[in-house]
1. Say we look at segment 83-126 and pick out the residues that are over 13 Å from the mean Cα position of the chain (by Cα) and β-branched (Val, Ile, Thr); which of these is farthest from GLY70 (Cα to Cα)?
2. Give the residue, chosen from LEU113, LEU71, LEU126, that is buried (at least 16 other Cβ atoms within 10 Å of the Cβ) and modelled with pLDDT of 95 or more.
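The values are calculated or read from the model by the stated rules, or taken from the named source; none is laboratory data. Treat the numbers as computed from the prediction; the structure is a model and nothing was measured. Heads up, the Cβs are rebuilt from the backbone with ideal geometry, glycines too, and the neighbour counts pull from every protein chain shown.
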Amino acid sequence: MFMHRSLLVAVFLILFSALQPVLAAGDKASGFRSTDLPLPRFVSLKSDRVYVRTGPAQRYPIRWVYERQGLPVEITQEFESWRKIRDSEGEEGWIHQSMLSGERSVLITGDDLVTMRAEDRPQAPLVARVEPRVIARVEKCTPVNCRIEAGGFRGWVQRNFLWGIYANEEFN
């Protein structure tokens, strides 16, 4: 009996060690992790007409349509060529990867105009006041501010008024 149990343990250990590469691949082997890019991560919409579906395939119904090219969205999950995204309002759905761009953008948040300054300091000259819900291209960020470009204006905005960049994310 002891010999039989030892043989079973040995077989189990051999099988387990043989399966280690497959187990280590985790979600990637199942299709739920298609890239080695970090999750979650921000990207932007590549087109001004992007269909958001209830699941990761064309057979799933369309929940809504985005009509804002450059809108930042957060990828929270991957399945083959589909990405589950979340928008600034917390809505989630699935988008085909071909409709997403790695170019980073941000959305101006809040209810009031946001001050854009010429330099990364509070007393720098005013460049513009940016309206809420404006999409801007983000160039770089310091711990407090981000340099953005929107509507032909370029300057620094406090990062707490931006959606599309993580709080501690360093960006150049």
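1. For segment 83-126, the residue satisfying everything is THR115.
2. On the way: LEU113 fails: buried (at least 16 other Cβ atoms within 10 Å of the Cβ); LEU126 fails: buried (at least 16 other Cβ atoms within 10 Å of the Cβ).
None of the other options fit; the residue is LEU71.
For (1) part of a strand (DSSP E or B); (2) among the aromatic types (Phe, Trp, Tyr), each residue gets a yes or a no:
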position	(1), (2)
ARG68	no, no
THR76	yes, no
SER88	no, no
TRP94	yes, yes
VAL106	yes, no
MET116	yes, no
ASP120	no, no
VAL138	yes, no
